[in-house]
Amino acid sequence: MKQSLLSQDASLIASTYAKVDAEFVFGKGAKLFDSKGKEYLDFASGISVNALGHAHPAITKAIKEQCEKFAHISNLFPNEPQIKLAQKMLSLTKFSKAFFCNSGTEANEAAIKFARKYFNDRIEIVTFVNSFHGRTYGALSATGQEKLKAGFGPMLAGFKHIEWNDAEALKKAVGKNTAAIMLESVIAEGGILTPSKKFIKTINELKKQTGCLVIVDEIQAGFGRLGEISGSEFFGINADITTWAKALGGGLPLGMVLMSAKVAECLKPGDHGTTFGGNPVACAAGLAVLEIISKPKFLANVRERSAQLKEGLKRFGNVRGEGLLLGLEVQKPVAEIIAACREQGLLVLRAGTNVLRLLPPLIITKSDVKAALKKIDVAIG
Ligand SMILES: *Cc1c(COP(=O)(O)O)cnc(C)c1O
């Protein structure tokens, strides 16, 4: 008898993930189909990656066309898809220069390095409890969740973790040795926590008073998910550096740092680098996505679907988040509800300990949202 993929996976792949028994064969738009022909509405989007859903023709075309030219040339030469994507992202934000890498954690590593290089004599990075910035040592040191660090110590020196939305504690923590305050525009995986107005005001004031930089991690919330390209602009956070990944590569691995002119000025050849970063195929895919999501009508649909989903979720419990990064506080164990949703043909995620995280693709329609709400109703009831 043929072994299930899950059992083969268990014997061959290191067990760093708690995987689910599902065998997906293909996807189309907001839907995934498994080997038994069962249809799922994908409100997980490969963890905020598949902004245009599955198998979007514009992405497929961009990947195919670039592969036929070349798939890789290294960063020793300028590459056109990279330049086009940088140009488009910079035109949609207030930043001056871009650095490309392959993933979110790498974008945050680069941001931390650039902030320290900018000052030379300031090493402290202030971040927040419950935050998630990635799994490599710099990004993991920045992450404010102790459970992710257990057994991997020591972390990098110079990181302080302050309670989220605690403006007073932040004022005490930031000083003349602070290189940067680093935050997610919305704490995503740590519980879907938005920043308060007072908290944002304090961050912007501290930046002025101490001259520290502000790094905003846009990896999960940015790139259209809040109904705007940039989460920091959505909330009015005055960032010097922003980091991007997840949806940026249209399903291919791609990360990016955007920075102000003064940060860019401290970098010279040899300071930082990556072999694959800004790979032409990934950049071509990313540009195809960005051209679609940056259209006002597309972003308006994100905001409308967000309002519809929020309104519909209310009757099940407290709703958190913004845009299509929404969390539903649940009373029963989240894992059980996620499994019950999957049974109903709906893929959802967890955030923190008691929050159901909904990350639908940004292309969802009114009827997709209706269908998802029906499935959640059955799963919770
Ligand atoms: C996913 C994520 C990261 C890490 O990205 P990887 O590509 O998995 O390294 C960092 N920050 C946030 C907010 C994320 O959601």
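We did not get these values from a lab; they are worked out from the coordinates using the rules stated. As the structure is a computational prediction, the values presented were derived from the model and not from experiment. Glycine also receives a Cβ, built like all others from the backbone with ideal geometry; neighbour counts cover every protein chain displayed.
Okay, residues lined up against (1) within 14 Å of the chain's Cα centre (by Cα); (2) under 16 Å from L324 (Cα atoms):
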{"position": "E184", "(1), (2)": "yes, yes"}
{"position": "I200", "(1), (2)": "no, no"}
{"position": "I203", "(1), (2)": "no, no"}
{"position": "Q209", "(1), (2)": "no, no"}
{"position": "D217", "(1), (2)": "yes, no"}
{"position": "G231", "(1), (2)": "yes, yes"}
{"position": "F235", "(1), (2)": "no, yes"}
{"position": "V257", "(1), (2)": "yes, no"}
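Going through segment 148-185 one residue at a time, which ones are of a type in the set (A, V, I, L, M) and in contact with a Lys or Arg (Cβ under 9 Å, 6 or more places away or on another chain)? Give the steps one after another, and end with the answer.
Narrowing segment 148-185 to residues of a type in the set (A, V, I, L, M): 148, 150, 155-157, 162, 167, 169-170, 173-174, 179-183.
Those that are of a type in the set (A, V, I, L, M) and in contact with a Lys or Arg (Cβ under 9 Å, 6 or more places away or on another chain): L148, M155, I162, A167, A173, V174, A179, A180, I181.
Could you tell me whether segment 315-323 includes any residue that is farther than 27 Å from K147 by Cβ and free of Cβ contacts under 8 Å to residues at least 24 places away in the same chain?
Yes - at least one qualifying residue is present in segment 315-323.
Test F114 against the stated conditions and say whether it is more than 28 Å from E163 (Cα to Cα), more than 14 Å from the ligand (Cβ to nearest atom) and buried (at least 24 other Cβ atoms within 10 Å of the Cβ).
Considered against the rule, which asks whether it is more than 28 Å from E163 (Cα to Cα), more than 14 Å from the ligand (Cβ to nearest atom) and buried (at least 24 other Cβ atoms within 10 Å of the Cβ), F114 comes out as no.
Going by what's in this entry, would E163 be described as in contact with a helix residue (DSSP H, G or I) (Cβ under 8 Å, 6 or more places away or on another chain), more than 16 Å from the ligand (Cβ to nearest atom) and within 20 Å of L193 (Cα to Cα)? Steps first, please.
Numbers: in contact with a helix residue (DSSP H, G or I) (Cβ under 8 Å, 6 or more places away or on another chain): yes; more than 16 Å from the ligand (Cβ to nearest atom): yes; within 20 Å of L193 (Cα to Cα): yes.
Judged against the criteria, E163 is a match.
For segment 141-157, enumerate the residues that are within 12 Å of the ligand (Cβ to nearest atom) and touching a residue at least 24 places away in the same chain (Cβ under 8 Å). Lay out the reasoning, then the answer.
Quick first cut of segment 141-157, residues within 12 Å of the ligand (Cβ to nearest atom) only: 142-145, 148.
The answer is A142, G144, Q145.
Does D42 satisfy the condition of being surrounded by fewer than 16 Cβ atoms within 10 Å (Cβ to Cβ), more than 17 Å from A284 (Cα to Cα) and more than 16 Å from the ligand (Cβ to nearest atom)? Spell out the reasoning first.
On the way: surrounded by fewer than 16 Cβ atoms within 10 Å (Cβ to Cβ): no; more than 17 Å from A284 (Cα to Cα): yes; more than 16 Å from the ligand (Cβ to nearest atom): yes.
Taking the combined requirement at face value, the residue does not satisfy it.
Please find, among D21, D9, the residue that is away from the ligand (no atom under 16 Å from the Cβ) and under 20 Å from K375 (Cβ atoms).
On the way: D9 fails: under 20 Å from K375 (Cβ atoms).
Answer to the check: D21.
Take L328 and tell me if it is surrounded by 19 or more Cβ atoms within 10 Å (Cβ to Cβ) and in contact with a strand residue (DSSP E or B) (Cβ under 9 Å, 6 or more places away or on another chain).
Values: surrounded by 19 or more Cβ atoms within 10 Å (Cβ to Cβ): yes; in contact with a strand residue (DSSP E or B) (Cβ under 9 Å, 6 or more places away or on another chain): yes.
Considered against the rule, which asks whether it is surrounded by 19 or more Cβ atoms within 10 Å (Cβ to Cβ) and in contact with a strand residue (DSSP E or B) (Cβ under 9 Å, 6 or more places away or on another chain), L328 comes out as yes.
Within segment 346-368, restricting attention to residues that are among the β-branched types (V, I, T) and not in a strand (DSSP E or B), which residue is farthest from T143 (Cα to Cα)? Spell out how you get there, then give the answer.
From segment 346-368, those among the β-branched types (V, I, T) are 348, 353, 355, 363-365; that's our starting set.
Right, trim to not in a strand (DSSP E or B) and you get 348, 353, 363-365.
Details: V348: 23, T353: 17, I363: 31, I364: 31, T365: 34 Å.
So, considering only residues that are among the β-branched types (V, I, T) and not in a strand (DSSP E or B), the one farthest from T143 (Cα to Cα) is T365.
If we keep just the residues of segment 120-140 that are touching a Lys or Arg at 6+ places or on another chain (Cβ under 8 Å) and touching a residue at least 40 places away in the same chain (Cβ under 8 Å), which is farthest from the ligand (Cβ to nearest atom)? Write out each step before concluding.
Restricting attention to segment 120-140, the residues satisfying the condition of being touching a Lys or Arg at 6+ places or on another chain (Cβ under 8 Å) are 122-127, 138, 140.
Then keep just the ones that are touching a residue at least 40 places away in the same chain (Cβ under 8 Å); that gives 122-127.
Numbers: R122: 23, I123: 21, E124: 20, I125: 14, V126: 16, T127: 11 Å.
The qualifying residue farthest from the ligand (Cβ to nearest atom) is R122.
Got a sec? Which strands (runs of 3 or more DSSP E) wholly within segment 1-109 have at least 1 residues that are within 30 Å of L140 (Cβ to Cβ)?
24-28, 39-42, 97-101
Do we have any residue at all in segment 242-256 that's at negative phi and away from the ligand (no atom under 13 Å from the Cβ)?
no
Looking at A300, A351, which one is more than 20 Å from G27 (Cβ to Cβ), exposed (fewer than 13 other Cβ atoms within 10 Å of the Cβ) and aliphatic (A, V, I, L, M)?
Details: A351 fails: exposed (fewer than 13 other Cβ atoms within 10 Å of the Cβ).
When all the criteria are applied, what remains is A300.
With under 25 Å from K246 (Cα atoms), of a type in the set (A, V, I, L, M) and in a helix (DSSP H, G or I) as the only criterion, which of A335, A379, A340, A371 stands out?
Values: A379 fails: under 25 Å from K246 (Cα atoms); A340 fails: under 25 Å from K246 (Cα atoms); A371 fails: under 25 Å from K246 (Cα atoms).
Of the residues listed, the single one that is under 25 Å from K246 (Cα atoms), of a type in the set (A, V, I, L, M) and in a helix (DSSP H, G or I) is A335.
If a residue must be β-branched (V, I, T) and in contact (Cβ under 8 Å) with a residue 24 or more places away in the chain, how many such residues does segment 1-32 contain? So that I can check it myself, show each step before the final result.
Of segment 1-32, the ones β-branched (V, I, T) are 13, 16, 20, 25.
Next, from what is left, pick out any that are in contact (Cβ under 8 Å) with a residue 24 or more places away in the chain: 20.
Residues meeting the conditions: 1.
D368 fails exactly one of the following numbered conditions: (1) touching a helix residue (DSSP H, G or I) at 6+ places or on another chain (Cβ under 7 Å); (2) within 20 Å of G224 (Cα to Cα); (3) buried (at least 19 other Cβ atoms within 10 Å of the Cβ). What is the number of that condition?
Condition not satisfied by D368: (1).
How many residues does segment 180-228 contain that are surrounded by fewer than 24 Cβ atoms within 10 Å (Cβ to Cβ), among the aliphatic types (A, V, I, L, M) and within 16 Å of the ligand (Cβ to nearest atom)?
Final tally of qualifying residues: 2.
Among F100, F132, F119, which is the only one that is out of contact with any His (no Cβ under 6 Å at 6 or more places or on another chain), over 30 Å from P78 (Cα atoms) and of a type in the set (F, W, Y)?
Working: F100 fails: over 30 Å from P78 (Cα atoms); F119 fails: over 30 Å from P78 (Cα atoms).
The conditions single out F132.
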